[in-house]
Amino acid sequence: MSPRGCLSAYSRALKPFSRAISWKPTGRPQQTLISEVSRSGTGLHSGASTTARLLPAMAGEGRYFVSGLSRSRVPAKIDHAVDSPLCTTLCGDGARVRTVEHLLSALEACGVDNCRIEIESGDEVPLLDGSAKGWVEAIEQVGLCAAENSCGHNMDKLAPELHEPMYLRRNDSFVAAFPSSKVQITYGIDFPKVPAIGCQWFSSFLDASIYLKEIASSRTFCIYEEVERMRNAGLIQGGSAENAIVCSANAGWLNPPLRFHDEPCRHKVLDLVGDFSLFAQNGNQGLLLAHIIAYKAGHSLHTEFVRSLLNVCG
């Protein structure tokens, strides 16, 4: 069945947005980092050298950035997300942080529920190698512990559980979610003018172990014929063959080998996890207990879907 036909079949069973989400105890305490860890690198769009310092935070604080000359606090929450091309950007109190998705993806998947993230020498999270691998390694370097609140107590971690199907569609792109006892993500992409990528689908249940093995190391990608246009628009100033996989419509992959045969599609899953992490509230899980299906989506549609979740949260 074609993606459009698949969506049509699903849509017949779907209901409009309603109060369809509740918060379910996970049986685990909220966590944070044991100690500080930092990584430096180049910002994808600014091209500037930046550093992200990850520090422990108290239970209930959630994840938040500290950025700008005023060292403003910018919560990693969906109501601070703003539309921006080719990345996810957060704004608050006069400060901006760009390209947060890979770092937040690693934090969400690895269970770093509370974290203070200080951005130095710029307003963009370092791209590292274009995947979440470096962030996962940084988290593993210092380890995790149960977070405590200001009274020295742990807090139970809750997860958002979906009870009714939900969907959002834009032209031939969509994000849909269906009730499931476990997190499962199915993602499809289609680049008919770039045969080396073509149409790809990836589907898997998701936990920390699967994320580390199957998702974290997948790198961002771009189409070679679009690079000059994007750079003229002030984008991807820091992009290179060292932090992205580049594919030409005519010549195929220009900097092989790929880490997975479907690495571009897996990277879209990585992005989705980071964008859905913005639904996290007060140190709880952001990623829905649901089967999430996306086709030809991207940061804008991801965040629009997550923003809609606020209207149905019980």
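Every residue in the range 140-153 that is open to solvent by 10 Å² or more (accessible area, probe 1.4 Å) and touching a strand residue (DSSP E or B) at 6+ places or on another chain (Cβ under 7 Å), please.
Of everything in the range 140-153, those that are open to solvent by 10 Å² or more (accessible area, probe 1.4 Å) and touching a strand residue (DSSP E or B) at 6+ places or on another chain (Cβ under 7 Å) turn out to be 141, 142, 144, 145, 146.
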Fill in: Verdict on residue 127 being in a helix (DSSP H, G or I) and in contact with a strand residue (DSSP E or B) (Cβ under 8 Å, 6 or more places away or on another chain)
no
Worksheet item: Could we say that residue 196 is of a type outside the set (Val, Ile, Thr), more than 24 Å from residue 84 (Cβ to Cβ), outside the structural domain of residue 125 (by the TED database) and in contact (Cβ under 8 Å) with a residue 24 or more places away in the chain here?
Response: yes
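Scan the range 45-76 residue by residue and report those that are touching a residue at least 60 places away in the same chain (Cβ under 8 Å) and open to solvent by less than 20 Å² (accessible area, probe 1.4 Å). Please lay out each step first, then the result.
Within the range 45-76, the first condition is being touching a residue at least 60 places away in the same chain (Cβ under 8 Å), and the residues that meet it are 45-63, 76.
Listed by number, the residues that qualify are 45, 50, 52, 54, 57, 59, 62, 63, 76.
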Worksheet item: With the range 213-314 as the region, which helices (runs of 4 or more DSSP H) entirely inside it contain at least 1 residues that are free of Cβ contacts under 8 Å to residues at least 40 places away in the same chain and open to solvent by less than 40 Å² (accessible area, probe 1.4 Å)?
Response: 227-232
Worksheet, complete the sentence: Of 164, 137, the only residue that is open to solvent by 10 Å² or more (accessible area, probe 1.4 Å), part of a helix (DSSP H, G or I) and not hydrophobic (A, V, I, L, M, F, W, C) is 137
Worksheet item: If you go through the range 219-233 one residue at a time, do you hit one that is basic (Lys, Arg), in contact with a strand residue (DSSP E or B) (Cβ under 9 Å, 6 or more places away or on another chain) and at positive phi?
Response: no
Item to complete: Scan (1) within 26 Å of residue 302 (Cα to Cα); (2) β-branched (Val, Ile, Thr); (3) out of contact with any Leu (no Cβ under 6 Å at 6 or more places or on another chain) for the single condition residue 125 breaks and write down its number.
Response: (3)
Worksheet entry | Positions within the range 178-191 being open to solvent by less than 30 Å² (accessible area, probe 1.4 Å), assigned to a strand (DSSP E or B) and of a type in the set (A, V, I, L, M, F, W, C), in sequence order | 185, 189
Discussion item. Take the residues in the range 66-82 that are assigned to a loop (DSSP other than H, G, I, E, B) and modelled with pLDDT of 95 or more; name whichever of them is farthest from residue 104 (Cα to Cα).
Written reply: 77
Practice prompt. For the range 100-111, state whether one or more residues are crowded, with 21+ Cβ neighbours inside 10 Å, assigned to a strand (DSSP E or B) and outside the structural domain of residue 230 (by the TED database).
Written response: no
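Those residues that are of a type in the set (D, E, K, R) and exposed (fewer than 15 other Cβ atoms within 10 Å of the Cβ), I need them from the range 29-44; list them, please.
If the condition is that a residue be of a type in the set (D, E, K, R) and exposed (fewer than 15 other Cβ atoms within 10 Å of the Cβ), then 36 is the only one that fits.
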Discussion item. Which of the numbered conditions does residue 175 fail, given that it passes all the others? Conditions: (1) assigned to a loop (DSSP other than H, G, I, E, B); (2) touching a residue at least 60 places away in the same chain (Cβ under 8 Å).
Written reply: (1)
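The values are calculated or read from the model by the stated rules, or taken from the named source; none is laboratory data. All values derive from a computational prediction rather than experimental measurement. Cβ: placed from backbone, ideal geometry, glycine included. Neighbour counts: every protein chain shown. To get the accessible areas, we keep the full protein, side chains included, count just its heavy atoms, and leave off ligands, DNA and RNA. Shrake-Rupley method; radii C 1.70, N 1.55, O 1.52, S 1.80 Å.
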